[in-house]
Amino acid sequence: MAARAGVSAGTVSKALNGRGQLRPETRRRVVAAAEELGFHVNMLARNLIEGRTYTVGVLTTDSFGRFTIPVMLGAEDALGAGQISVLLCDGRGDRIREQHYLRTLLARRVDGIIVTGRTYDPRPSLGPDLPVPVVYARARSDNAEDLSLMHDDAQGVGLAVTHLLATGRNKIVHITGPERHLATRERAAAVKATLAAAGESLVLGEPLMGDWSERWGREAVALLMRAGEEFNGVFCGSDQIARGVADGLREAGRRVPEEVGIVGVDNWEVMAEGCRPPLTTVDLNLTELGHAAATKLLRAIEGHPLEQGVQLMPCRLITRRSTEMTLS
């Protein structure tokens, strides 16, 4: 193969294993020679020599996959470049089941583990003495020495509320999920802070808290209409709630976006695009978060020190017709 490509045997090894600093044309020449000769890397032999399995475990508590799937897609984009396979284990929020999967992954000698889930609340650490590096992605470890990558909720809320204000909606209601959830409390605090910085205050003084559901969105609109307070903007803690709010406002005879603008959170396309009208929403950038988590894990697998603490990643606002400005 070296003779066919006109390079040394060492260069062939570097090219096929993705190592070393080689010119792109040299790497292409080696790959072309390998294809011509029908050569394939013996992964078992490679793993034995390097002491690696080229597999990464993903532990999740998100049975529905709503948050895990985009994180996984981003992680696989980063890991696929290094030809690393992913083993997905769903603990379903059961600590005993999760510990079973952890033992299974370690027995399979995975090179590292990504932990993810559907809740923003802090979760128990897998422990400080594991033989492989661990990165938490949209899962906040309760151990400050672990690396946890989270979306920046306060920054995302700021984008949403500022957008409502910029489109002339200065009487804003916040309809969100259960108070027991950290995401609910942090988003509510960020709404108040953003409004206060603009010299405005929240309609009703406090958010309306309920379930993460369309039904709650409709019920919240009924409560709001009975309260009799004037409002022209609604920021919702999730796209599901926002879709229910849109339905409730339409049933109450309020036009969206002509009379009321609505913004949600998640950019869950089935909800946002199916909303009437299509929903402006905060995208949590979960795919990018998963990519960043896998990239940091790869560096740790390669021997670099793993960072510690909570790192926040920015969100972005996706504008659709629910906040479209209209001419009066």
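The values are calculated or read from the model by the stated rules, or taken from the named source; none is laboratory data. In this text, all values refer to a predicted model and were calculated from it rather than measured experimentally. Reconstructed Cβ throughout: ideal geometry from the backbone, glycine too, with neighbour counts over all protein chains shown. Accessible surface areas use protein heavy atoms only, side chains included; no ligands, DNA or RNA. Shrake-Rupley method; radii C 1.70, N 1.55, O 1.52, S 1.80 Å.
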Item checked: Heavy atoms of Arg218 accessible to a 1.4 Å probe, total area in Å² rounded to 10 -> 90
Check: Within region 258-272, what residues put their amide N at less than 20 Å from the label point 7 Å along the Cα-to-Cβ vector of Val310?
Finding: 265-266
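Sort Ile175, Ile69 by heavy-atom solvent-accessible area, probe 1.4 angstrom, most to least.
Correct descending sequence by accessible area is Ile69, Ile175.
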Item checked: Ala197-Arg118 pseudo-label distance in nm [points 7 Å out on the Cα-to-Cβ vector] -> 3.2
Margin query: Antiparallel versus total DSSP beta bridges in the chain: what percent is that, nearest 5?
Written below: 10
Notebook entry, point to check: Given labels modelled 7 Å from the Cα in the Cβ direction, how far is it in nm from Arg95 to Asn170?
Noted result: 5.1
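Pairs of alpha-carbon atoms within less than 8 angstrom and 6+ residues apart define the contacts here; what relative contact order does region 241-328 have, in percent? If you can, show how the numbers build up before the last one.
Working: 112 pairs, mean separation 32.1, N = 88.
This gives 36 percent for region 241-328.
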Checklist line | (1) 24.5, 83; (2) 19.7, 61; (3) 22.1, 73, with the label sought being that of the calculated Rg and Dmax of the Cα atoms in Å | finding: (1)
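Taking R0 as 35 Å, what's the FRET efficiency between Leu106 and Glu251 from their Cβ-Cβ distance, rounded to 0.05?
0.05
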Checklist line | Pairwise FRET efficiency - Glu302 versus Arg23, Cβ, R0 = 25 Å, nearest 0.05 | finding: 0.65
Next item on the list: Kindly report, to the nearest 10 Å², the accessible surface of Ser8 as traced by a 1.4 Å probe over protein heavy atoms only.
Entry: 60
Note to self: Explain nothing, just the number: relative contact order of the chain, from Cα pairs under 8 Å at least 6 residues apart, as a whole percent.
What the structure shows: 19
Note to self: For Leu87, what residues show an amide H to amide H distance below 5 Å, using hydrogens built from the backbone and excluding near sequence neighbours?
What the structure shows: Val56, Gly57, Val58
Note to self: Which GluC sites (Glu not before Pro) in region 58-159 sit in a loop by DSSP (not H, G, I, E or B) and have at most 11 other Cβ atoms within 10 Å of their own Cβ?
What the structure shows: Glu145
Check: Going by accessible area, probe 1.4 Å, with all protein chains left in place, what is the ranking of Lys192, Lys14, largest first?
Finding: Lys14, Lys192
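How much length is gained on full extension from Gln83 to Glu186, taking 0.36 nm per residue of separation minus their Cα-Cα distance?
My answer for the length gained is 33.2 nm.
Would you mind getting the accessible area per residue of the chain, heavy atoms of the protein chains only, 1.4 Å probe, in Å²?
Accessible surface, normalised per residue, equals 48 Å².
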